[in-house]
Amino acid sequence: MNHPIHLNHSLHLISPHGDYAPYICSTCGATVHKDCISLSRIIKSLWHHHPIFHNYFAVKNECGILECGICHEEVNKEHGKYCCSACKFIVHVKCVLEDKSWYYEIASKDAYEKFNENATLVDPTFLVIQENKLDENVINREIKHFSHEHNLVLYDEVRDVKCCDCCSLLIETSFYHCSKCDFHLHKSCAELPTKSQVWFSPLPFDLIPNRFFKCLACDSLHTGFAYNFNGSCWCVQCTERSLSYTSQAHKEHLLLFYNKYNGPCNACGNSIDNGEAYRCKSCNFNVHWTCTLLPQIARHKCDEHSLKLTYREVNDYSEYHSCDICEERRNPNIWFYHCALCDKSAHPKCVLGDYPFIKLGIRISSKTDHSHSLIPVQKVYLYPECSKCGQLCLDLALECAERRCSFIIHWRCSRLKDFIEDHSIVYLIGIKGTDDFFSGVF
């Protein structure tokens, strides 16, 4: 038979019987399994942004070791592989075809490009109300964002503690603000696209605002914006991750994504047990996927200033290697939060708690625990008793939004927690102080 993999000579089936009988070229000795002869010529894989082509023989103009873009082990030049010649991207056949949901077959590269020629054209998330021109730059000073009913104004200076209503993280740079509702968005969050083409999905994700959800990727509870795909939600931070990651803790080399890895994490010190990680193979530097999501800046009542994520201890005196919150020993070789002005350091867990991506003060319309809307709170000094279990509310709690109602319940005691964690149900939320908050389930 003639086949695209071997146009110079014909391939002959050694025996028509048996599943493992190969095709062999009697002229040059090339051997191909019966199953491999019918492999897709061109596929679009989640592991690469271009179509990749099946190639049975050595890659031209390549020297040295070829590394698989999925398992990061050596690819034998004399065996079949999928590759993108433009990017020098190459993967084992078994790795890229391991899961059928990771790829799809395409008829030709031209057909793929025609299908995706308008993929980058998305609806804008805001309308510009007022803009300022500074030299060649145009600054959108006032916008109407699709997530909010009022106009938002751009501010460059942060005068007090504010958290973003998209990602729930602290605001330290330029942000948009609604003076009527105390609604804030990082400038970068306000400019997020309505559709996001993430590397792990062949189809785009849709941006949905004002939600309470559990991220399918990092397994954390979030309030704010989510990227939705087929009823499952992903946080903004996770959808921004790619197959490579630049870490301030390891500036020497780029970290590559490993779908399954076993080894210690340089960020938290715990083991990565056959889990997703970013890794520098040459330096044996590894971090959990979830450790890359740690906020760069955080706040805690132990210090009046913001705490910065720090990657290594510069002080060699062992008496300094303790947490200023729990007062337990702290490993100086793993990441921690630090205030340089006050010389205070703390474990990430002690600073962030169990729910770092839940914004306090939002109004939740769920009626699972109480007839009124509830607000996530975390009391700092005065700890009321939980209306369900009677114990003090020392951690995250849900408090009634009505001033005349004294209802408060531990987050761990609430049915809303079980509902979201067990089923990843997404609830609409509103901003504290507004009467036109949303209700229902997505």
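What does the highest-first list of 157-163, 324-330 look like by mean Cβ count within 10 Å?
Numbers: 157-163: 11.1, 324-330: 14.3.
So the peptides 157-163, 324-330, ranked by packing, come out 324-330, 157-163.
When all alpha-carbon pairs of the stretch 362-431 are counted, what percent fall beyond 20 Å?
Details: 541 of 2415 pairs.
For the stretch 362-431, the share of Cα pairs beyond 20 Å comes to 22 percent.
Compare the peptides 358-371, 297-310 by average per-residue count of other Cβ atoms within 10 angstrom and give them in order, highest first. Intermediate values should be presented prior to the final figure.
Details: 358-371: 18.6, 297-310: 16.0.
Ranked by mean Cβ neighbours within 10 Å, highest first: 358-371, 297-310.
For the charge dipole of the stretch 362-431, defined by +1 on Lys and Arg C-beta atoms and -1 on Asp and Glu C-beta atoms about the Cα centroid, which residue among 378, 394, 407 has the Cα displaced farthest towards the positive pole?
407
In sequence order, what are the phi-derived ³J(HN,Hα) couplings for the stretch 87-104 according to the Karplus relation 6.51 cos²θ - 1.76 cosθ + 1.60 with θ = phi - 60°, rounded to whole Hz, with x for glycine and proline?
9, 6, 8, 9, 9, 5, 4, 5, 5, 6, 9, 4, 10, 5, 7, 8, 8, 8
Check residue 75: other-chain or 5+ apart residues with amide H under 5 Å from its amide H, H built from backbone geometry?
For residue 75, whose amide H was placed from the backbone, the distant partners under 5 Å are 66, 67, 68.
First check a/c for the stretch 202-335, with a ≥ b ≥ c the square roots of the eigenvalues of its C-alpha gyration tensor; if it is under 1.5, answer rounded, and if not, answer prolate when a/b is larger than b/c or oblate otherwise.
Numbers: a/c = 2.34, a/b = 1.37, b/c = 1.70.
Cα axes put the stretch 202-335 in the oblate bin.
Just to check I understand the Karplus step: with θ = phi - 60° and J = 6.51 cos²θ - 1.76 cosθ + 1.60, what whole-Hz values come out for the stretch 186-197, glycine and proline as x?
3, 4, 5, 6, 5, 9, 4, x, 5, 10, 10, 8
Which cross-chain or sequence-distant (5 or more) residues have an amide H under 5 Å from the amide H of residue 267, H modelled 1.01 Å from N in plane?
For residue 267, the qualifying residues are 288.
Quick note: the coordinates plus some simple rules give every number you see, no bench work behind them. All values derive from a computational prediction rather than experimental measurement. Here the Cβ is made from the backbone with ideal geometry for all residues, glycine too, and neighbour counts use every protein chain on show.
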